[in-house]
Structures are given as C-alpha cells and as structure tokens.
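The next block holds one structure in the form of structure tokens; read it before the comments.
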Amino acid sequence: MKEITRRQSLIKIAAAATCSMFLLAGCSGNTDGGDAGSIEGTKINVNLAAGGWTNTVEKLLPEFESKTGVKVSLNVLGTEQLDNQYQVKLNSRSEDLDVMVYRPSQSTKLFADNGWLEDISDRVSGDEAWKWTDFSESSRAATTVDAHAFGVPLMTERDIIFYNKEMFAAKGIAIPKTMDELEAVAKALTDTTSGTYGVVMRGKANAAVTSFSSFLYSFGADWITKDGDSGIGTAEAAAAYQYYGDLVRNYGPPGATSLDGTEARGIFQQGKAAMYIDADSGAGLIEDATQSSVAGKVGYAAFPAGPAGAKPYDVTSWAAGVSAYSKNKDASWEFIKWATSSEVLNAAMSDQSSPSPRISSWADSAVTANYPEELVKIFSTYSSTAVGHDRPQVIQVNKARDIVGAPITVALEGGDVTAAAKQASNSFTEFLKTDK
Amino acid sequence: MALQLSDKSISTKAKLEGWVDRNLKFIFTLPALLLVLALIIYPLIYTIQLALTDASRSTTRAKNFIGLENFVTLLHDTERFWPAVGRTVYFTGAGLIIETVCALGLALLLRKAFRGQGIVRTAILLPLVATPVAVGMMWMLIFQPSIGFANVFIEWFGIPAQGWLSDPGQTLNTLIFIDVWQWTPMMALILLAGLASIPEEPEEAALVDGASWLQRHIYVTIPMLKPAIFAAILLRAIDSLKTFDILYATKGAGGGSNHEAETLNVLAYSYSFDYQDYGIASAVLILFLILICGAVALVTVASKAGAK
C-alpha cells in the first residue's frame, strides 16, 4: 500500500514538473541566428505585399537560392496586414523579420525615426555593378532621410487617366487635356439610367488623399508650404477640393465616400465608368481578362492640366529595407540587391506591368515592348512636371491623411468646402507642430 | 554516517512528498495560472501602464508619464470618442433586442417536432459557422449600391435604390442587420436548449384552464425561460460589444469617411495601428473594459431581479 502511495507521489511530482517544463519551453525564445562569415545556409524571412513585383520574385527565387545558398521564406500579405505586422513585430523588437517591403511615402520617416530600418547608405553606394544611381533621383529621395538611405525602390507609380476606348469612340469624344474638358467629358459620358458613369475615383477620405493630391497640385496648392505650414487653407486648395467633390458627386457612381482604390477600380473593370483616374501601376489588373471585362479596351492618358498646369504625382510606391533587429543583415542585403537588380525589375515590368524605378528599364525596348506604349510616353512627359509625393510627407502619415482627407468627404457630400478646408487646415497646423 | 545520510535523504523525500500532497491543487493549477498571468494579467497591466503615458510612434521609444491626461482628453472628445461610445451602445442594444425577439420566435417555432427538423436546424446554423470576414465581404458585395443584389431586390417591390453601407446614415443599421442575420441562430439554439428543460405540466395545466396560445407563452413559457434568455443575452452582449471583424471588413479602419461605423473597438484600432498613438489607444481600451464590465453587471443584476 505504501509502495503504491510512493509511486503515486512520484507520478504527481513528475507530472507537475513536466507541466512546468512545457510551459517554460513555450516561453523560451529562439536564440538561433547571428552573422557568420558566409551567408550560405542562412535562412531569411521576407515580408512583402501581393502584386506584380512579388509574383516575379516568387517565380525567380530558386535562381537566387541556388546561387547564394540562402534559404528565403516569403510571407506575402495585404498592404494593411503588412503594416500591422511591422508594428506588432518591431514594437517588440522581433528578430524574425529580415527583409521588409514597405511603402516609402507612408513609412520611411516613421520607420527611420523609430530606428526600425537599418541604414544601408554604405551598402547601396558600395556596389558599382548594381548601380544605385540607375534608380531615379526622386525614387532614391523617397527612401532617404537626412542623407541616409533606408531602402531600395521596387516600384513607381504615376497618376493617369484610364479610359474606356469603346465609350469614348461611341460618342466621338476626345481625351480631356484640361480640368474643364475633364468635367465636360465626364458629364457627356454619364448615363444614370443605364448605370454608367463618366468618372470613378477614390472617395473614402483616407484613401482618396493620394488620388486627390494631383488635383491639389494642379490647382496650385500643396499639403505643406515651403515654410513647413499647412497648405490646405488656401483658396487654391479649397478650389481643388470643390472641383474633386463636384466631379465625383455629379458624374461618379453613388456611394462615393466609401470607395477605396480597389472598389473604384472594380467599377471601371466592370465597364460601369468611362474614366478611372488613379495610379498607372493598376494597369496590369485592368488588363487582366480574368477579372476585368474591359481588358484590351483601355486607353491611357496623361493627367489633365489645372489652373497651375498638369502636376500629377509620380512616386515610389514600394521599397525594400533591412530590419534593424535582423540577425541576418548580410544575407538580407544580398536578397535585396538581387531582387532590385536590372534583371528582376525588368522582368517584373515586362511580365507583370510593374513600373520599374530604374531609369534604364524605361530606355530598354526589350522591357517596354510588353508594356503599354502610352504609359511609356506618359512616363517621359511626367519627368519634368510631376510632383514626387502623393500624401503629406510627415512621420504619422495616416493621422495626417485623416485630417487633410476630411474636406474631400464634405466636398463629395456637397457641404461647405471652404469652411471644411479652413477647419482641416487649423487641425493640420496643430498636427504639424507635434509631428517632429 | 552512511545510515544517517540515508535517514536524512528519506526524511527529505518524505517531506517533499508531504509538501506535494498538501499543495497538489496549486501545483496542477500552476501552468494554467501562469498562462492566465502571461496572457491576460500582464497585457492588462501593460495596457494600463501605456494608458498613463504619451506613448506614440513606437512603444520602444522613451515615453513620458502623463497621469490621467489621456482619459481626460478622451472624456472631452465629442468628435470621435463619445460618438463611438454611442455607436457601440446602439449597435449592441438594437442588435440584442432584435436578436432576442427573433431568436425567441425561432426557438418556439422549432420546439415542436416536425418533418425535416434536422435539416432546418442545420440550415439556420450556417451563418454562425461562416467566417466573419467572409460574411462581411459577402454582404459588402450584396449591398454595393451600383452592382449589388440588395438594390435589385428592393427595386422589384418598387422601392428606390438605397446606399446601404455606403450611406453614412444607413451604415450602422445595415451592420446591425448583418449582425442579426449571423447571430440570431446562436441565441435561438440557447433558447431551444432552455425550452427543452422546461417541464410540460404547467403549460398543459394552462391549456386545461383555457389559456390561449399567446397567454400560455406570455404567462407560462417565457417566464420559465427567463434564466436561458438572460444567459443568451449576457453571452451575446459581451460578444456584440466587442464586434470588430464585420465592421473592419466592411468599412475598414476608421469606420468610413465620416467614422459612421466607428465603435470603441474600431477607434482603439485606429489610434494604435493607424495613428501609432499607443497611449491614447490604451486609454480607449481601458474605458471600453469598464463599459463592458458595467454592461455585464447590469445584465447580471437584471437577471437576478428577474429571477426573484
């Protein structure tokens, strides 16, 4: 009897110890990693967003892995999920992020300010063959803060007019070149009884900031003045808000204030709108016959001129950087160097319509052969007129977007735009004081 | 000497065994306790600590202790915070009332055995097992004003097209409709289980006494079902207050251009993930926790009062 009791006690002790050990094991961290001399055999985690360039990287990845011996794990996410993951992981100084694909206009300042991105200035300028200077000046500027490079550009995009050639031809209408013409064309092509609209654009306040920015610049204003003050309290800015709101409200589909980029593009893809004004990087999706009923019937035109001329945005939409907490910085850099090489960026542009940030890609007829000719022409005309940002260049970008996007909603709903712009300008001024 | 040692080791062993026997309940609950500490208590304390600072941009940066300033700011914020409280209460309250009434009706209908009962019971459970984000996406397509089916459907009856989720005035009610569609079956199931445990004699007695169908239900069945009704309301209220997935899937961060679907949960998300203002986001969550605790206390008190 005593024997049994003792055995029971031992079992109890063992069980309790095992439970605790499992728990402790669960709590222990991964202590793997560290830079060895060679990168061969290193495993790196690459977080990236779904899209054209990513498809090319996925396809060509075995080439890189066999050449370097680095094992790459790609984690493909949606844009917002990607942002959220960075915040969660980097706030806890997680070491399991190596290469970070991110949106420079949205995150470069914040990530650099937080110390989340590795300064790669020496690495980018240290390889002559890879050629950092082949990246356009504005795209290099987009990933640079105070002369320190934090990322390498992957993709650029420009604000353009996508138009439905059949709808334009049916009414014999010419491509609009000015804001007045744009409004007249939108009016002429709107037929609410058949449910087709002249123009579709983003209307959801935060998302619409980028597509509205080209209108703001073309009316002679900017988010922030040269002195660093709010630029949206001016008469020019109010006129731009008013124009954008009237255009979308009168000649766009209903429910404009809830349209983000994907939904607005969906309406154009279904042939329900004659024009869609947004980034040219969407061309691949619009020409994809599996999801677009207007594939093969789409024309591309340059952004129309406003009172201050045609000033569309021309920005670097995606870039890749190395996490400051990564234990595999050398291997991560090798991956970035390969993924932003002429070969990969050219392949992404010719196979996936992903606009390259390299100047040489646009001059290479083998690359542009598969790319819509009108878009190549637009690229060359934009280089002298376009503006290099499509949202306020601040640290807390989303907060700023909500502030400067509020008058867009008021304009879309037909409210008092001047008052809304004034109020937003005051809030923006307050915000700018804290965003340092 | 050896004998002494052996005696000592035996006595130590006996002591350990005795200690283990005495504290067995604590030893076995220790892993669970540690898990609770790690997963609930620690985040809660960390959230309270963050709420008392001006943490912004990154939680790893230096932050200043600012006391209750975040709470004061929020309690004075009539632009985002209080409307979000209003929406949270409205969304939960309206949803709960409709769900309770519908679930009660559904449970009473399904109570009596009928042919095909199994199929019907399975069919009404389908919305419950669907992934909330997929549900959100599905309804978003149905309610799309230009290409969705909802407007086609109501136009068959001569009703003009509506904005649904894209009309700020209709958004919250449309979302309540989706919530009711998804969660009424769960409440109906709880009530059905409650109905199964009610004895039949009182109802039969009422029938013999000449009570009508309505009288039997109002004066006999429903009062006896009260504990189940309160249990269902309590469970659903807690869950409904915390709703995030459907709101986020249909309206995104910020709850729309006019923040028309911004409940406290969505507001906390906006402050933390959109604005990187972790201090004030934590304060929203603490106030939200207080609201949930208050609501639970209210339902519990009402349930006890109802039981008397």
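The values are calculated or read from the model by the stated rules, or taken from the named source; none is laboratory data. The structure displayed is predicted, hence computed values, not measured ones. Because the Cβ atoms are built from the backbone with ideal geometry, glycine has one as well, and the counts that use them run over all protein chains shown. Note: accessible area is taken over every heavy atom of the protein model, side chains too, but ligands, DNA and RNA are not part of it. Shrake-Rupley method; radii C 1.70, N 1.55, O 1.52, S 1.80 Å.
Note on the protein assembly as shown: with charges restricted to the Cβ of Lys and Arg (+1) and Asp and Glu (-1), its dipole about the Cα centre is near 2600 debye. Rounded to the nearest angstrom and listed largest first, the equivalent-ellipsoid semi-axes of segment A:74-139 from its Cα gyration tensor are 24, 14, 13. Taking only the Cα atoms of segment A:65-174, the radius of gyration and Dmax are 19.0, 59 Å. Model label points for A:Ser92 and B:Trp156, set 7 angstrom from Cα along the Cα-to-Cβ axis, are 5.0 nm apart. Of all the C-alpha pairs in chain A, what % are more than 37 Å from each other? For chain A, the share of Cα pairs beyond 37 Å comes to 31 percent. Between the alpha-carbon centers of segment A:71-150 and segment A:290-325, tell me the distance in whole angstrom. About 21 Å separates the Cα centre of segment A:71-150 from the one of segment A:290-325. Loop-resident GluC sites (Glu not before Pro) (DSSP state other than H, G, I, E or B) in segment B:181-214 with no more than 16 further Cβ atoms inside 10 Å of their Cβ: B:Glu200. Of the residues B:Asn173, B:Ala211, B:Met137, the one whose Cα sits farthest toward the positive end of the charge dipole of segment B:71-307, with +1 on the Cβ of Lys and Arg and -1 on the Cβ of Asp and Glu, is B:Ala211.
For B:Ile218 and B:Ala305, the FRET efficiency from 1/(1 + (r/R0)^6), where r spans their Cβ atoms and R0 equals 22 Å, is about 0.70.
Would you mind checking the pairs A:Lys171/A:Lys377; A:Lys311/B:Lys251; A:Lys226/B:Lys63; A:Lys177/A:Lys204 and listing those with alpha carbons more than 29 angstrom apart?
As for pairs spanning more than 29 Å Cα to Cα, those are A:Lys311/B:Lys251; A:Lys226/B:Lys63.
Over segment A:274-380, the pair-distance histogram of Cα-Cα distances with 10 Å bins from zero comes to 12, 37, 30, 15, 5, 0 percent, rounded to whole numbers. On segment B:71-307, 72 percent of the accessible area sits on carbon and sulfur atoms, based on a 1.4 Å probe.
Compute the signed sum of charges (Lys and Arg +1, Asp and Glu -1) over the other residues within less than 12 Å, Cβ to Cβ, of A:Ala348. Don't skip to the answer; put the middle values down first.
Values: positive: A:Lys59, A:Arg358; negative: A:Glu58, A:Glu343, A:Asp351.
Every neighbour counted, the sum reads -1.
Given +1 at the Cβ of Lys and Arg, -1 at the Cβ of Asp and Glu and no other charges, the dipole of segment A:262-421 around its Cα centre is 320 debye to the nearest 20. The alpha carbon centroids of segment B:232-293 and segment B:34-100 are separated by 9 Å. Working from label points 7 Å from Cα in the Cα-to-Cβ sense, the B:Tyr90 to B:Asp77 distance is 1.9 nm. Our helix-only sum for the protein assembly as shown, with -39,500 (n - 2.57) per DSSP H run of n ≥ 4 divided by its residues, gives a mean residue ellipticity at 222 nm of -18500 deg cm²/dmol.
For the protein assembly as shown, the spread of Cα positions along the three principal axes, ordered from largest to smallest, is 92, 92, 52 Å. For chain A, the relative contact order works out to 25 percent when only alpha carbon pairs closer than 8 Å and six or more residues apart are counted. For segment B:71-307, the dipole from Cβ point charges (+1 on Lys and Arg, -1 on Asp and Glu) about the Cα centre works out to 460 debye, to the nearest 20.
For chain B, what class follows from the C-alpha gyration tensor (a ≥ b ≥ c being the square roots of its eigenvalues): rounded when a/c is under 1.5, otherwise prolate if a/b is larger than b/c, else oblate? Verdict is oblate for chain B. Take the Kirkwood radius over Cα pairs of segment A:335-423, plug it into Stokes-Einstein at 37 °C and 0.692 mPa s, and you get 201 µm²/s for translational diffusion. Contact order for segment B:167-283, expressed relative to its length and based on alpha carbon pairs under 8 Å spaced 6+ residues apart, stands at 24 percent.
For chain B, hydrophobic long helices are taken as DSSP H runs at least 20 Å long by C-alpha position along their axis with mean Kyte-Doolittle hydropathy of 1.6 or more; these are B:278-307. Selection among A:Ala274, A:Ser107, A:Pro312 by position relative to the dipole of chain A gives A:Ser107 as farthest towards the positive end (Cβ unit charges, Cα centre).
I'd like the orientation of helix A:329-339 relative to chain A: the angle between its Cα long axis and the longest Cα principal axis, in ° from 0 to 90, rounded to 10. That works out to roughly 40 degrees. With respect to chain A, whose longest principal axis is taken over its alpha-carbon atoms, helix A:235-251 is tilted by about 90°.
Computed from Cα positions, the angle between helix A:2-27 and the longest principal axis of chain A comes to roughly 30 degrees.
For segment B:95-222, the relative contact order comes to 33 percent (Cα pairs under 8 Å, sequence separation of at least 6). Among B:Ala205, B:Ala84, B:Ala231, the largest mean-square fluctuation in a Gaussian network model of chain B, built with springs joining Cα atoms closer than 10 Å, belongs to B:Ala205. For segment B:239-308, the residue among B:Asn258, B:Tyr271, B:Ala302 whose Cα projects farthest onto the positive side of the dipole built from Cβ charges is B:Ala302. Within segment B:49-130, the trypsin sites (Lys or Arg not before Pro) that combine a DSSP coil assignment with at most 15 other C-beta atoms in a 10 angstrom radius are B:Arg61, B:Lys112, B:Arg115.
Can you list the lysines whose alpha carbon sits under 23 Å from that of A:Lys71, skipping same-chain ones fewer than 8 residues off? The reachable lysines, counting only those whose Cα sits under 23 Å from A:Lys71, are A:Lys43, A:Lys59, A:Lys89, A:Lys327, A:Lys329, A:Lys337. With the simple model of a label 7 Å out from the Cα in the direction of the Cβ, B:Met137 to A:Trp130 spans 3.6 nm.
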